[in-house]
Amino acid sequence: MRILILGGDGYLGWPTAMHLTGQGHEVAVVDNYLRRRLCREENVEPLFEVPNLHERVDLWESVSGYKVPVFVGDLSEWDFIAEVFKSFTPEGIVHYAEQPAAPYSMLNRRAATLTLLNNLTVTANVIFAGREFCPDAHIVKIGTMGEYGTPNIDIEEGWLEVEHKGRRQNFLYPRQAGSLYHTTKIMDTDLLWFYVRMWGIRVTDLMQGPVYGLFTDENADMEQLLPFFNYDELFGTVLNRFVVQAVAGYPLTVYGKGEQTRGYLNIKDTLNCVYLSLESPAKPGELRIFNQFTEIFTVNQLAEHVQRVGTGLGMNVEIKPVKNPRKEAEEHYYNPKHTGLLELGLQPHYLTDEVLAEMMEAVLRHKDLIQHGHIYRQVKWA
Ligand code: USQ
């Protein structure tokens, strides 16, 4: 299959490109280096330097033999996206091309506007370019479990059947996000759902939980092929942050009560979920939604697990609850369904002591680069 990866430079985009070529697909990547630019502007560079896309593609070709064409440009510009879609004519489109960080979206007005404009304009352009140049292409969009928020009822997989005054109708499951970033993902889903109904496009929307990890089957032997690894408050996700904090001897930053509960997954499972979705695409006129995570943890459980494994490796790991910079429920009900991807064949990689130890050992090799000042800067959400 010809697969176009939008956001192919990112934490998930680049590993996905390698994984899909390894599965025999023809892959091209597109990126405008927005994530790199924002990290530089906010002085929160990832743990180690990562080669640019052209360099990564050359390295990957040298070890695998696969050639991945690169398009560098801004997908919110119509002329650019039209050119890319016209020349590559994808059958599958993996859409990661968004400002991906909730804390960044809450930083200030400029960051909020950038997140809104980028995420919505790119999603709209993907829909329009798909319609014009490859109307049968299947769009696999990365959404987020954060679209649902933390309601006091079970979270279904995308849809909820509502009975009202004796009549029934299936609706998108009610959404109420906790950050502007998550709100743009709700708006993306609404846009996609509108054009699924209007034009019969085919879409899989993956409601993903926080991802952790560095290693995939494709990069394990070559450090230069590793993805970005952010550990700062703006772009780092919680488990990656805790691993770096443990290695740095920085007390683990549990926000508030630490009973915030989310569904997590290993980066290897993200790649498989995208692969499985592409292999059995949504039908024309279908918005298919999967909840994409494999295990549920509280922040306290993650911190205790990191502390136990770190201590076993001879580290001195303290847990120190800090004032929560976010506005979120710190104790809540959480019971989301997640059977769709398992039914498609997902075989989860769970968070074992070995997985955590492997991450800690990798971070240990870069310990000197950890900037303590990047870890907790208290971007207030409200
Ligand atoms: N948290 C801490 N301490 C920290 C960092 C985070 O207690 O040092 C807490 C947060 O308050 C939150 C939970 O850990 O309750 C998860 O935070 P996170 O930063 O790992 O995840 P989040 O900001 O929600 O966003 C991440 C990704 C985003 C994805 C989302 C899935 O950046 O792209 O959409 O995870 S979800 O959280 O399910 O919405």
| said: When you scan the range 202-210, do you find a residue that is away from the ligand (no atom under 12 Å from the Cβ), part of a strand (DSSP E or B) and open to solvent by 10 Å² or more (accessible area, probe 1.4 Å), even just one? | reply: yes
| note | Taking the range 212-227 and keeping residues buried (at least 23 other Cβ atoms within 10 Å of the Cβ) and within 13 Å of the ligand (Cβ to nearest atom) leaves G213
| Residue under evaluation M360, criteria (1) within 15 Å of the ligand (Cβ to nearest atom); (2) farther than 30 Å from P174 by Cβ, criterion not met | (1)
| task | Kindly indicate the residue of the range 234-250 that is buried (at least 23 other Cβ atoms within 10 Å of the Cβ) and more than 14 Å from the chain's Cα centre (by Cα) and also nearest to the ligand (Cβ to nearest atom) among those meeting that condition. | result | R241
| field | Filter pass, H349 being surrounded by fewer than 19 Cβ atoms within 10 Å (Cβ to Cβ), in contact with a helix residue (DSSP H, G or I) (Cβ under 9 Å, 6 or more places away or on another chain), part of a helix (DSSP H, G or I) and of a type outside the set (G, A, S) | value | no
| message | So, in the range 273-326, exactly how many residues are within 16 Å of the ligand (Cβ to nearest atom), open to solvent by less than 50 Å² (accessible area, probe 1.4 Å) and hydrophobic (A, V, I, L, M, F, W, C)? | response | 12
| Residue, least open to solvent (accessible area, probe 1.4 Å), within the range 251-268, restricted to residues that are within 22 Å of D154 (Cβ to Cβ) and within 6 Å of the ligand (Cβ to nearest atom) | Q260
| task | Would you tally the residues in the range 133-183 being surrounded by 12 or more Cβ atoms within 10 Å (Cβ to Cβ), over 21 Å from G340 (Cβ atoms) and among the charged types (D, E, K, R)? | result | 0
| field | Filter pass, L107 being in a loop (DSSP other than H, G, I, E, B) and out of contact with any Ser or Thr (no Cβ under 7 Å at 6 or more places or on another chain) | value | yes
| remark: Scanning the range 1-54 residue by residue, those over 23 Å from Q245 (Cα atoms), free of Cβ contacts under 8 Å to residues at least 24 places away in the same chain and not in a loop (DSSP other than H, G, I, E, B) turn out to be R37, H54
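Yes/no per residue for (1) of a type in the set (G, A, S); (2) part of a loop (DSSP other than H, G, I, E, B); (3) touching a Leu at 6+ places or on another chain (Cβ under 6 Å); (4) under 30 Å from R109 (Cβ atoms):
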{"residue": "A303", "(1), (2), (3), (4)": "yes, no, yes, no"}
{"residue": "V309", "(1), (2), (3), (4)": "no, no, yes, no"}
{"residue": "E328", "(1), (2), (3), (4)": "no, yes, no, yes"}
{"residue": "G373", "(1), (2), (3), (4)": "yes, no, no, yes"}
| task | Tell me, yes or no, whether the range 138-152 has at least one residue that is more than 18 Å from the chain's Cα centre (by Cα), away from the ligand (no atom under 16 Å from the Cβ) and more than 25 Å from H182 (Cβ to Cβ). | result | no
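The values are calculated or read from the model by the stated rules, or taken from the named source; none is laboratory data. Worth saying up front: this structure is predicted, and the values here are computed from it rather than measured. For neighbour counting, all protein chains shown are included, and Cβ atoms are generated from backbone atoms with ideal geometry for every residue, glycine included. Accessible surface areas use protein heavy atoms only, side chains included; no ligands, DNA or RNA. Shrake-Rupley method; radii C 1.70, N 1.55, O 1.52, S 1.80 Å.
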